[in-house]
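A short write-up of the structure that comes next.
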Amino acid sequence: MAIVGAGEAGTAAAVALRDGGWRGRVILIGNEATLPYERPPLSKGHLAESRDTGPKFLITSERLTDLEIEYFEGCNVQSIDCAAHTVSLSGGKRLGYERLLLATGARPRILCAPVDPECRVATLRTYADAVAIRRAIKPGRSVVVIGGGFIGLEVAAGAAAKGATVTVLEVGPRLLMRAVPASIAERVKAKHLNAGVRIELSSTVTAVRAVDRRSAVLLADGRTCLADLVLVGVGAVPNVELAQAAGLAIENGIAANDMLATSDPDTFTAGDCCSFLHRLYGQRVRLEVWRNAWQQGAAAAANMLGSNSAYESVPWFWSDQYEETLQIAGIYGSSDATVNRDLGEKGQISFYLAPDGRLVAACGFGNLATIGKDIRVAETMIGRRIRPKAEALADPAIAIKSLVV
């Protein structure tokens, strides 16, 4: 068995193959010259550290050895031959496989505006990226974040906490446009404003120019924002090039069925690059979240061993915003009804009911203990396809767990 990509999904799959009883070769190929590591801390806790402590590894070299997982570190895959069942590495080495998992992840979307090469413009995906960003953020430095999504706002919070002057530029009319309801986005915005972050909405960047060893971010309305560091957080692009060159179907990622198998029956996919059919929602989705990558990697490994089980886990995501948490369970659509539960100082939760009454998603922001507990219950309700009454969801006097039937 061969796995291309040594992130959360790929590493989880390698371990799951052994746990599932596979005794043949397990080949794990990673393009970074390090052991597999966790990515969520890069935009969260790592920015607050005073010195480089190294990445948080997913697995040790000793564990890899114990499991007899052959880890090809710092290797780039040049091509895949599905008919011949081979993977070609840079340097000419060719590896055979019985079944293949593509867990190639995603990469930061680049800014669609000209950028002078002298400008310090960063994106965040790897540990090396995080180290460079943390070193550049110092008290009194000016940081401009382009993009009001999760990564941009987490970096903004971290930079503000370290004493930098922070400006967030968002092209949309509000923060977190595609991720959370407007009422929760306003709560998140208020936290940032209270921390001294400047937020500019409906701001289109037209260029980033070098001016006196700094970066001048030019806006369409004629304004200019000067920065010592520009962080671009405008989304991610799935890494599908290897799959596409191999002739696999592509649809907003590497297309897979509900069992994570691609258009080639011996090739599977998982993680940020995977576009799969989700039975719970009856649609194709692609998820860029940590827990999905880990769970999908294990599920793909089971199906590589013949389990033939649909992947139906409820999507879950969290983001740290200062001392509060933002958590989302499920996926909501434009036809879903929104029910808000106001928890006062503890925060707010928005629930989403499908036209047939099923709870399909929940989004909460506020106190970690309260929000985390209620979102976990909502996740259970979503998975069980429960149809709660809207009035009960809206009433903070009614415990959410009492609605699980």
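Restricting to segment 183-206, name every residue that is without any contact (Cβ under 8 Å) to a residue 60 or more places away in the chain, open to solvent by 10 Å² or more (accessible area, probe 1.4 Å) and either closer than 17 Å to residue 325 by Cα or under 19 Å from the mean Cα position of the chain (by Cα) (or both).
Residues satisfying the conditions are 186, 189, 190, 193, 194.
Checking the condition in contact (Cβ under 8 Å) with a residue 12 or more places away in the chain and farther than 30 Å from residue 157 by Cβ, which residue from 221, 272, 228, 266 passes? Reasoning before the result, please.
Details: 221 fails: farther than 30 Å from residue 157 by Cβ; 272 fails: farther than 30 Å from residue 157 by Cβ; 228 fails: farther than 30 Å from residue 157 by Cβ.
Of the residues listed, the single one that is in contact (Cβ under 8 Å) with a residue 12 or more places away in the chain and farther than 30 Å from residue 157 by Cβ is 266.
Suppose the filter is among the basic types (Lys, Arg), modelled with pLDDT of 95 or more and more than 24 Å from residue 81 (Cα to Cα); does residue 291 pass it? Walk me through it before giving the result.
Values: among the basic types (Lys, Arg): yes; modelled with pLDDT of 95 or more: no; more than 24 Å from residue 81 (Cα to Cα): yes.
No, not satisfied.
Give all pairs with beta carbons closer than 8 Å in which a residue from segment 33-44 that is more than 14 Å from residue 105 (Cα to Cα) and in contact (Cβ under 8 Å) with a residue 12 or more places away in the chain meets a residue that is crowded, with 19+ Cβ neighbours inside 10 Å and of a type in the set (Gly, Ala, Ser); count only pairs at least 6 apart in sequence or on separate chains.
From residues that are more than 14 Å from residue 105 (Cα to Cα) and in contact (Cβ under 8 Å) with a residue 12 or more places away in the chain, the pairs are 42/130; 43/130; 43/158; 44/158.
What's the total number of residues in segment 130-145 that are under 19 Å from residue 214 (Cα atoms) and open to solvent by 10 Å² or more (accessible area, probe 1.4 Å)? Step through it out loud before you land on a result.
Keep residues of segment 130-145 that are under 19 Å from residue 214 (Cα atoms), which gives 132-145.
Then keep just the ones that are open to solvent by 10 Å² or more (accessible area, probe 1.4 Å); that gives 132, 134-135, 138-142.
Total satisfying the criteria: 8.
Sort out which residues of segment 204-219 are of a type in the set (D, E, K, R) and touching a Ser or Thr at 6+ places or on another chain (Cβ under 9 Å), and write them in order of number.
Applying the first criterion (of a type in the set (D, E, K, R)) to segment 204-219 yields 209, 212-214.
Scanning segment 204-219 gives 209, 214.
Any residue in segment 160-182 that is surrounded by fewer than 19 Cβ atoms within 10 Å (Cβ to Cβ) and assigned to a strand (DSSP E or B)?
Scanning segment 160-182, I find at least one residue that is surrounded by fewer than 19 Cβ atoms within 10 Å (Cβ to Cβ) and assigned to a strand (DSSP E or B), so the answer is yes.
Looking at (1) buried (at least 20 other Cβ atoms within 10 Å of the Cβ); (2) under 30 Å from residue 336 (Cβ atoms); (3) among the hydrophobic types (A, V, I, L, M, F, W, C), can you tell me which one residue 229 breaks?
(2)
Can you name the residue in segment 282-299 that is among the hydrophobic types (A, V, I, L, M, F, W, C) and within 26 Å of residue 333 (Cβ to Cβ) and, of all such residues, is surrounded by the fewest Cβ atoms within 10 Å (Cβ to Cβ)?
Step one: of segment 282-299, the residues among the hydrophobic types (A, V, I, L, M, F, W, C) are 285, 287, 289-290, 293-294, 298-299.
Narrowing the set further to residues that are within 26 Å of residue 333 (Cβ to Cβ) leaves 285, 287, 289-290, 293-294, 299.
Values: 285: 16, 287: 22, 289: 19, 290: 20, 293: 27, 294: 22, 299: 26.
Step by step, filter segment 282-299, then rank; the result is 285.
Of everything in segment 232-281, what is within 30 Å of residue 112 (Cα to Cα), in contact with a Gly (Cβ under 9 Å, 6 or more places away or on another chain) and open to solvent by 30 Å² or more (accessible area, probe 1.4 Å)? Give them in sequence order.
The answer is 234, 235, 239.
Among the numbered criteria (1) open to solvent by less than 50 Å² (accessible area, probe 1.4 Å); (2) under 28 Å from residue 275 (Cβ atoms), which single criterion is violated by residue 81?
Failing condition for residue 81: (1).
Have a look at 33, 16, 9 and point out the one that is of a type in the set (A, V, I, L, M), open to solvent by 10 Å² or more (accessible area, probe 1.4 Å) and part of a helix (DSSP H, G or I). First the steps, then the outcome.
Working: 33 fails: part of a helix (DSSP H, G or I); 9 fails: open to solvent by 10 Å² or more (accessible area, probe 1.4 Å).
None of the others qualify; the one that does is 16.
The values are calculated or read from the model by the stated rules, or taken from the named source; none is laboratory data. In this text, all values refer to a predicted model and were calculated from it rather than measured experimentally. Virtual Cβ from ideal backbone geometry, glycine too; neighbours counted across all protein chains shown. When the accessible area is computed, the model is the full protein with side chains, heavy atoms only, and any ligands, DNA or RNA have been set aside. Shrake-Rupley method; radii C 1.70, N 1.55, O 1.52, S 1.80 Å.
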